[in-house]
1. I'd like the full set of residues that are crowded, with 19+ Cβ neighbours inside 10 Å and polar (S, T, N, Q), limited to region 129-159.
2. If you take just the helices (runs of 4 or more DSSP H) that sit entirely in region 148-251, which of them hold at least 3 residues that are under 15 Å from the mean Cα position of the chain (by Cα)?
3. Could you list all residues from region 248-268 that are modelled with pLDDT of 95 or more, touching a Gly at 6+ places or on another chain (Cβ under 8 Å) and surrounded by fewer than 19 Cβ atoms within 10 Å (Cβ to Cβ)?
4. Could you look through region 66-119, keep only residues that are among the charged types (D, E, K, R) and part of a helix (DSSP H, G or I), and pick out the one that is surrounded by the most Cβ atoms within 10 Å (Cβ to Cβ)?
5. Would you confirm whether or not region 228-238 contains a residue that is at pLDDT 95 or above, among the hydroxyl-bearing types (Ser, Thr, Tyr) and in the same structural domain as ILE175 (by TED's automatic domain parsing)?
6. Looking only at region 209-259, which residues are more than 29 Å from ASN71 (Cβ to Cβ) and among the basic types (Lys, Arg)?
7. Please pick out the residue among PHE139, PHE230, PHE208 that is of a type outside the set (Gly, Ala, Ser) and in contact with a Cys (Cβ under 6 Å, 6 or more places away or on another chain).
8. Among the residues of region 24-65, what is the count of those that are closer than 29 Å to LEU159 by Cβ and assigned to a helix (DSSP H, G or I)?
Amino acid sequence: MSMLESSRITIAAVVAPAERSRLDAAGAGCFAIVHRPNIPDALAVVREHPVDAIVFSVHHCDGPKVEDLDNMVRRFPDIPAVALVTRTDPSAPETLLRLGATGVRHVVDVTGPSGWTRLRHVLTEPASRPAAQILSRLFEAMPPLPPATRMFVELMVRLAPSTPVARRFAHHARIRPSTLMSRFVRAGLPSPKTYVAAIRLLYAAQFFENEGLSITDVAYRLECSSPQSFGRHLRAMLGITPGEFRRRFTFDAAADRFVALLIEPYRHIWRDFHPMEAGRPGRGGPIRSWRTVV
């Protein structure tokens, strides 16, 4: 992703040229901004790259432009859309009413300094929403974890979309891949590769709930080398095609399967498991496969 920094919060923005420098200044050190002249062009950015939020000027959304925005919000319901009020405008209240009907829920008045602080707060929240949704489901199903183990699970979930190879994840966790694998095996857990691959399917299920994302879009969001590579991954994991996965697995369904196969049978192990530390992992029972009849 050459024009975006994948490790930062990314915002697609549609504001007047005179407003761009103010938005850039507000976002310095907080988020990367991709400016586009209109909503359709911003929609192309959303389709091609992981975007955490869309920011647009209320004064830039008159007439038919509201219909473009409505289309974007409907197709990408999990990407927050933030309307900016940047100047006194008699028509702004009417525009805001029309925007409210499209599903826009965030309006920030940046005519004063406190508005830019509020905008930074609103925009820094959504970046972790997909990971937070996954972590919520996992931690709800897991037993109380040691602090370091909880941190390990959080790292695994947050890195999974951009780290398809388990050895790359081990590098981020500052553990030798062979050491990490050994700790999972000795504990009686499925491999780190199995967990990372299954977590990536949870992200895929989330992405597919946006009707505006195609199979190709989802493949590239998961940093697969090609849509065909994504298809092979799904066939290896579940024995189905991406289209079948989209039809049959909502995020809730995928999360339920993850918990049933990779958490519930190993709750007693995770309770005392220390993947970040050398120690005596507990012994587990037979390891179940993620791939079962679907």
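The values are calculated or read from the model by the stated rules, or taken from the named source; none is laboratory data. Predicted, not measured: the structure shown is a model, and the values here were computed from it. Positions of Cβ are backbone-derived with ideal geometry, glycine not excepted, and every protein chain shown enters the neighbour counts.
1. Listed by number, the list holds a single entry, THR149.
2. Values: elements: 166-172, 177-187, 192-208, 215-221, 227-238, 242-248.
Helices (runs of 4 or more DSSP H) meeting the threshold: 192-208, 215-221.
3. Within region 248-268, PRO265 is the sole residue that qualifies.
4. As a first pass, look at region 66-119 and keep what is among the charged types (D, E, K, R): 67-68, 70, 74-75, 78, 87, 89, 94, 98, 105, 109, 118.
Filter once more, so that each one left must be part of a helix (DSSP H, G or I): 67-68, 70, 74-75, 94, 98, 118.
Values: GLU67: 13, ASP68: 19, ASP70: 17, ARG74: 13, ARG75: 15, GLU94: 11, ARG98: 16, ARG118: 15.
Only one residue fits best here, namely ASP68.
5. There is no residue in region 228-238 that is at pLDDT 95 or above, among the hydroxyl-bearing types (Ser, Thr, Tyr) and in the same structural domain as ILE175 (by TED's automatic domain parsing).
6. Residues of region 209-259 that are more than 29 Å from ASN71 (Cβ to Cβ), as a first pass: 225, 228-229, 232-233, 235-240, 256-259.
If the condition is that a residue be more than 29 Å from ASN71 (Cβ to Cβ) and among the basic types (Lys, Arg), then ARG232, ARG235, ARG257 are the ones that fit.
7. From the options PHE139, PHE230, PHE208, the qualifying one is PHE230.
8. Residues meeting the conditions: 10.
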